[in-house]
Amino acid sequence: MTVSFVIPTVDVSVLRNPSPSPSDLAPIAAQIRSACTTSGFFQITNHTMDAALVAKAFEYSRKFFSLPLDSKLAAKGQMNGYEPMGANAAAKGTLPDAKESYFVGEEGRSMSDMGIGGNVWPTDPSLPEDFKSTILAYRSQVQALSFKLYSVIALSLDLRADFFDEFLKGDASAARFLHYPPTPQDAGGRQKGIGAHTDYGGLTLLIQDGVGGLQIHPTGSLDDDDAWQDVPPVTVPSGAPPAIVCNIGDFLQLWTNGLYRSTVHRVINLSGKERYSIAYFANGGMDNEVEPIEKCVELTGGKKLFEKVTAKKHIFGRFKQSFADAQKST
Ligand SMILES: O=C(O)CCC(=O)C(=O)O
Ligand SMILES: [Fe+2]
């Protein structure tokens, strides 16, 4: 049987209030809880990001990806910076993903024990002078919003609003600018923009353009190929910031002992158009140990379903796997 889920759109304008009380946040916490226990996906509107900044970040992303390949390769680093078309495969045993991306973490920081170098900025003179400051401003706005969402998620689990603050200390999350060229219709079945995967960290905040192509798999059992369900772009009034797709990653699934779902998703771009998106992986500090929260264990029957993991180890392991899989399948 095909299961399909409603992916709710939650108006989070209450987050524009600088210090909302738990009772102000209760209505959105309830909607988010209901989404997280079913599809693991929800979309938010009327949030705190600036519409003009988001539009400018998309414009600069298009400019970056349309540079000559040499200029993009000059911005290739260790994990951060440019990642060329076909560099990895999110799903095992498939063709490499038909996408290119550009990663930006916290400026001035590298994490050599994870093979992650510092940010690498393109130097092509055709890019606007404020390329770097715009991209960093985007990252810092989405980071601030992710912190607010973590406190709503804490409330949604009947925890204190500041429950995740400790975990967010030393936050080293990365923004990922993505470009998916159109996949030919006849190759669509095999070639994905990004193959089926779950997100490795805590919470992902993704802005997609109007092209579409993001899909979730409600059961995760991929032999049921008819079960893929679209996460449609949401239209917002002109001048409003675009909707943000939020989804639960592996850490929140683990913390909640499976109550919240890290759902399998993919991108397949059969629109005939170029597709752009900007993901932000709100993963907290990399030295954290992630284990099921006692209260969530009680809520889910009293038995711990997941082992403790180190954030660093989990994320690094899954990254390495995605690169190894791209090599195996080429
Ligand atoms: O571009 C998208 O819509 C999804 C990207 C994604 O799933 C990822 O980077 O993990
Ligand atoms: Fe993803």
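So the values come out like this:
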| read-out | value |
| --- | --- |
| Residue-wise HN-Hα coupling along segment 276-293, computed from phi with Karplus coefficients 6.51, -1.76, 1.60 (Hz; x: Gly, Pro) | 10, 8, 10, 9, 9, 9, 7, 10, x, x, 7, 8, 5, 9, 10, 8, x, 6 |
| Gyration tensor (alpha-carbon) shape descriptor, segment 62-110, a/c threshold 1.5 | oblate |
| Top positive-direction residue, dipole computed over the chain with Cβ charges, set THR256, GLN141, SER110 | SER110 |
| √(5λ) per eigenvalue of the Cα gyration tensor, the chain, largest first, Å | 29, 23, 21 |
| Potential extension, SER238-LEU270 segment - 0.36 nm per residue separation minus Cα distance | 8.9 nm |
| Gyration tensor verdict on segment 77-219 (Cα atoms; rounded if a/c is under 1.5, prolate if a/b is larger than b/c, oblate otherwise) | oblate |
| Percentage relative contact order, segment 9-329, counting C-alpha pairs under 8 Å, at least six apart | 24 |
| Check: the chain dipole with +1 on Lys, Arg Cβ and -1 on Asp, Glu Cβ, in debye | 300 |
| Å³ per residue enclosed by the Cα convex hull of segment 208-330 | 171 |
| Net charge over other residues, Cβ less than 10 angstrom from the Cβ of SER322 (K, R count +1; D, E count -1) | +1 |
| Packing-based exposure ordering (other Cβ within 10 Å, fewest first) of ILE153, ILE28, ILE248 | ILE28, ILE153, ILE248 |
| Gain on full stretching of the segment that runs from ASP162 to GLU294 - 0.36 nm per residue minus C-alpha separation | 45.9 nm |
| Span-rule helices in the chain, defined as complete DSSP H runs reaching 24 Å or more along the axis (Cα) with Kyte mean at least 0.5 | 131-156 |
| Sequence-distant residues sharing a close amide H with VAL120 (under 5 Å, placed H) | GLY81 |
| Fewest-first sequence of TRP121, TRP255 by Cβ atoms within 10 Å of each Cβ | TRP121, TRP255 |
| Taking LEU299, LEU203 and counting other C-beta atoms within 10 Å, the order from fewest to most | LEU299, LEU203 |
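No value in this document is a laboratory result; all are computed from the given coordinates. These figures come from a predicted structure and were not determined experimentally. Backbone-built Cβ (ideal geometry, glycine too); neighbour counts: all protein chains shown.
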